[in-house]
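Let me begin by presenting the structure, written as structure tokens, before commenting on it.
Just so you know, all these numbers are worked out from the coordinates, no wet-lab data involved. From a predicted model like this one, the values you see are computed outputs, not experimental measurements. So basically every Cβ, Gly included, is an ideal-geometry build from the backbone, and we count neighbours across all protein chains shown.
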Amino acid sequence: MLGKTAAAGSWVRRIGLLNDYVRIPYANGSSFASQFLYREFTARGQHVTVVGPNDPNAGPSELPRNHICLPSLPLRNHPGVQVALPTRSGLSQVVDRRFDVVIAQTCNALLELGAWLRAKHGVPFLSVNTVHMPSVYNVLLPDRLNSSRLVNKVFADGIIPMIERATADAYNAGDGLIVLSEALRTYWRDRGVTVPIHVIPRAVEPKIFDVDSDEDPFPHIARRGARLLCVCRHTREKGVRRLLEIFARWIAPAVPEATLTLVGDGPDHDAFRDAAVELGVADRVFFPGELPVTSIPAWYRHADLFVYTSLSETYGQVVSEAQWCGLPVVALADGMGVCQQVQDGINGVLVDTAQEDELVNWRFGSEAVALLRNRGRRRALAVGAERVAKERCLPERCVTRYYEAMDSARRHCKATARKPTGRRPESILARWTALHFTVAGLGCIRPPAVVNRHGRRQPAWEAFEQAPERESSTSIVVPTSATTGPTGGQRSGADEEEAQVGA
């Protein structure tokens with residue numbers, strides 16, 4: 001892989017990777033994707049710098065070797081989440097890196113940094129859509145407001161369309177948008193995105209998911225042949241409550257030995273545990289908590305069926321991971337990322353959601369029961385799952401498409417740089433600041449949640465890296481009165497070794 005830089009993107013030497021987290025405090029699909037890109041681009045000879053909000057709790061071993069931490073504000077209801085702010089010194093540090101291209105894998109106003117670099121310094125700018133906003137806004141709302149029809153109507157009819165228009169404007173201030181499924185290309189075209197849109201499914205990292213494990217992680221009372229598994233963030237929009245109801249009503253009575261294991265953590269973890277008790281299945285539903293991504297393949301390989309009821313996925317990386325490990329999937333047809341991955345009858349089962357919820361739930365449960373009872377069909381779907389995933393999710397294919405998108409962004413930037421966009425650099429920074437102060441304020445509406453109660457660490461950015469020498473190894477934390485924390489400095493070999501052991 002080293003020394004095989006593709007012809008596409010051969011002009012790229014310095015990449016700025018904007019990410020919502022520089023320290024990754026809990027399992028997060030978009031940040032794992034950023035870690036993948038960081039390692040793959042570095043292995044091909046590019047100098048990659050991660051730019052994001054400063055986290056006052058970050059230790060040196062949790063940060064990428066090359067990074068810039070911008071001043072930040074905490075999102076109070078999600079401990080560990082910070083939102084970045086623009087300052088003169090922070091922007092200066094970013095400009096000094098002289099990026100050839102910027103890729104923004106962020107769902108917040110950090111996008112505006114890429115737009116500012118393009119407007120002010122002519123840097124080609126690509127955005128990656130990582131969130132389906134109509135499905136996730138309610139994570140900010142306390143239970144009382146979330147259950148209000150009026151509040152949800154205000155969001156659905158007014159606030160969400162406004163946010164989507166603003167997001168489309170931010171995407172159009174760049175040189176291309178990367179989406180993870182064909183359906184989302186149409187979705188964003190319909191919402192006014194005019195820049196080139198590239199469909200690039202996420203890769204699965206073989207260094208993690210090709211590792212076999214003879215150690216069975218399931219509780220001993222979870223019988224082989226009847227193990228249902230779901231891996232996800234424990235938040236409302238993932239549909240975990242619905243999955244519990246389907247299991248309790250349609251699966252558990254039909255298959256007495258069936259169990260459901262819910263790997264993950266999040267703001268609604270305790271509510272889901274309470275729901276298992278309320279539904280009378282607490283003795284058959286297991287909550288091992290959040291685990292390092294390196295531990296997840298063993299769960300996939302020792303499970304019998306992956307079940308997924310989320311309708312909020314721009315992609316749903318866990319579906320690809322499960323399939324890569326030869327685990328068939330039963331999922332709801334979301335019209336977005338999951339539908340991109342599950343081919344009904346080939347690598348899993350897609351349940352149509354066009355009917356009433358009760359009928360959909362019955363169908364989902366019936367499909368899961370039928371597969372638990374039919375080992376031969378499960379095995380056939382498992383073979384199809386692994387084959388299709390390893391065709392779709394190869395790292396080389398993903399990275400090649402990123403290089404092609406960078407080439408497209410460069411051409412777009414040259415062709416349109418002199419055309420007025422209506423967005424002055426100063427207004428971009430003002431909007432960025434206003435949005436993130438607003439987000440930080442909204443984070444005070446809902447009480448702080450426990451998002452990783454066991455404190456299990458995810459792998460470091462360079463955990464699987466075998467890279468050539470960089471231009472430099474630098475860590476920069478922009479000092480302001482708004483942020484405290486590590487002062488940066490070059491990471492030592494001991495730090496890297498500690499990161500790998502801790503992961």
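Quick one: divide the alpha-carbon radius of gyration of the chain by 2.2 N^0.38 Å and tell me what you get. Numbers along the way, then the final one.
Working: Rg = 22.3 Å, N = 503, 2.2 N^0.38 = 23.4 Å.
The reported ratio for this selection is 0.95.
Quick one: Karplus J couplings for the range 100-114, per residue in order, coefficients 6.51, -1.76, 1.60, θ = phi - 60°, nearest Hz, x for Gly and Pro?
7, 7, 10, 10, 9, 9, 8, 10, 10, 6, 4, 3, 5, 5, x
How high is the relative contact order of the range 318-458, given as a whole-number percent (alpha carbon pairs under 8 Å, six or more residues apart)?
Values: 97 pairs, mean separation 31.1, N = 141.
Across the range 318-458, relative contact order equals 22 percent.
How far apart, in nm, are the 7 Å Cα→Cβ label points at GLN343 and ALA380?
1.5 nm
If you wrap a convex hull around the Cα atoms of the range 207-392, how much volume per residue is inside, in Å³?
Values: hull volume 19.7 nm³, N = 186.
With only Cα atoms used, the range 207-392 gives 106 Å³ per residue.
Near ARG456, within a Cβ-to-Cβ distance under 10 Å, what is the net charge of the other residues, with Lys and Arg +1 and Asp and Glu -1? The partial results should precede the final answer.
Working: positive: ARG453, ARG457; negative: ASP265, GLU290.
Charge balance near ARG456 sits at 0.
Can you tell me the FRET efficiency between TRP362 and ALA434 if r is taken as the Cβ-Cβ distance and R0 is 41 Å, rounded to the nearest 0.05?
Numbers: r = 47 Å, r/R0 = 1.15.
Once rounded, the FRET efficiency stands at 0.30.
Between 0 and 90 degrees, rounded to the nearest ten: what's the tilt of helix 425-442 against the longest Cα principal axis of the chain?
The angle comes out at about 40 degrees.
When we measure straight from the Cα of LYS414, which lysines land under 18 angstrom away, once same-chain ones fewer than 8 places off are left out?
Partners within reach: LYS120.
In nm, what is the difference between 0.36 nm times the number of residues separating ARG453 and GLN355 and their Cα-Cα distance? Numbers along the way, then the final one.
Numbers: separation 98, 0.36 × 98 = 35.28 nm, distance 3.74 nm.
That works out to 31.5 nm of additional length.
Once you have a ≥ b ≥ c as the square roots of the Cα gyration tensor eigenvalues for the range 100-211, tell me rounded if a/c is under 1.5, and otherwise prolate or oblate according to whether a/b is larger than b/c. Before the final figure, lay out the partial values.
Values: a/c = 1.99, a/b = 1.33, b/c = 1.49.
Oblate, because a/c is 1.5 or more while a/b does not exceed b/c.
Could you go through the range 272-279 in sequence order and give the Karplus-derived ³J(HN,Hα) for each residue, using 6.51 cos²θ - 1.76 cosθ + 1.60 with θ = phi - 60°, rounded to whole Hz, and x for Gly and Pro?
Going residue by residue, I get 6, 4, 5, 5, 4, 5, 4, 8 Hz, with x marking Gly and Pro.
How high is the relative contact order of the range 1-137? Use alpha-carbon pairs under 8 Å, at least six apart in sequence, and give a whole percent.
Values: 229 pairs, mean separation 36.3, N = 137.
It comes to 26 percent, rounded to a whole number.
Output the relative contact order of the chain, whole-number percent, from Cα pairs under 8 angstrom with separation of 6+ residues. Before the final figure, lay out each step's value.
Values: 984 pairs, mean separation 120.2, N = 503.
Computed over the chain, the figure is 24 percent.
In whole angstrom, note down how far apart the Cα centers of the range 96-131 and the range 316-387 are.
Centre-to-centre (Cα) distance: 36 Å.
Determine ³J(HN,Hα), in whole Hz, for all residues of the range 153-164 in sequence, where each value follows from phi through the Karplus function 6.51 cos²θ - 1.76 cosθ + 1.60 and θ = phi - 60°; x replaces Gly and Pro.
So the J values, rounded to whole Hz, are 5, 4, 5, 5, 8, x, 5, 5, x, 5, 5, 5.
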